[in-house]
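Visitor: Here it is, the structure, as structure tokens.
Just so it is clear, none of the values below were taken in a lab; they were calculated from the coordinates. No experiment lies behind these values; they were computed from the predicted model shown. All Cβ positions, even for glycine, are placed from backbone atoms using ideal geometry, and neighbour counts span all protein chains on display.
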């Protein structure tokens, strides 16, 4: 698994969200009309980085997480459950309390404390960027993609973490999603060192 941040550094994250901000800036996604969504916030280090970026352009960040570190029982190739990794990092602390501490001071974060399968957005809510790093079970990966993709504006992008890493079911599910939606995808960008893959939605289909 990815290196676990120090318990004292709650502003860190498991991913390296700087590469996501760089991607959004390079693609000038801030010029599109809509907000940002993150599925799987954990302790909010990445959420805060997205919010700092979004603040510059008057956008909100929707952070979806069930805030139960024991929820994801997916096993990596070494047999370790994701929930055990999360709980080891938290060392008995409340995930919710650490998240609130990390994201304090941002008025553009809208936290949705729910299982992502129970989340719905109206068609009036538009997203320019989404990042999926929630429950790694294939059912959730697929659900979370549709939760973002259905409200992603043309030209917007959605990213997945743990692609081509040590959670093979995530990679298989993302590959099947790409195959099923190839006619709607304009560009596929992979950041191999960070195990991230990003899909950009076509500005027009057909």
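Visitor: Once label points are set 7 Å from the Cα along Cα→Cβ at both residue 19 and residue 169, what is their separation, rounded to one decimal in nm?
Guide: 2.4 nm
Visitor: Okay, moving on. Which of 121, 23, 160 moves the most in a Gaussian network model of the chain with Cα springs under 10 Å?
Guide: 121
Visitor: List residues of region 112-128, by number, whose backbone nitrogen lies under 16 Å from a label position 7 Å along Cα→C-beta of residue 90.
Guide: 112-116, by backbone N distance to the label point.
Visitor: Label point 7 Å out from residue 176 along Cα-to-Cβ: which residues of region 47-78 have amide N under 17 Å?
Guide: 74-75, by backbone N distance to the label point.
Visitor: Still on this structure, I have one more. How do 176, 122, 157, 116 line up, fewest other C-beta atoms within 10 Å first?
Guide: Ranked by crowding around the Cβ, least crowded first: 122, 176, 116, 157.
Visitor: Could you work out [θ]222 nm for the chain from helices alone, using -39500 (n - 2.57) per DSSP H run of at least four and dividing by all its residues? Round to the nearest 500 deg cm²/dmol.
Guide: On the way: 6 runs with 63 residues, N = 206.
Estimated from H runs of four or more residues: -9000 deg cm²/dmol.
Visitor: For a quick size check, give me the Cα extents of the chain along its three principal axes, largest first, whole Å.
Guide: 51, 38, 32
Visitor: Distance from the Cα centre of region 93-127 to that of region 68-85, in angstrom?
Guide: If we compute the Cα centre of each part, the gap is 22 Å.
Visitor: Something else about it: Share of antiparallel DSSP beta bridges in the chain, in percent to the nearest 5?
Guide: So the antiparallel bridges in the chain amount to around 40 percent.
Visitor: Multiply the residue separation of residue 192 and residue 31 by 0.36 nm, subtract the distance between their alpha-carbon atoms, and state the gained length in nm to one decimal.
Guide: In short, 55.3 nm is gained.
Visitor: Next question. Taking the Cα centre of each part, how many Å lie between region 128-178 and region 10-66?
Guide: Taking the Cα centre of each part, region 128-178 and region 10-66 sit 15 Å apart.
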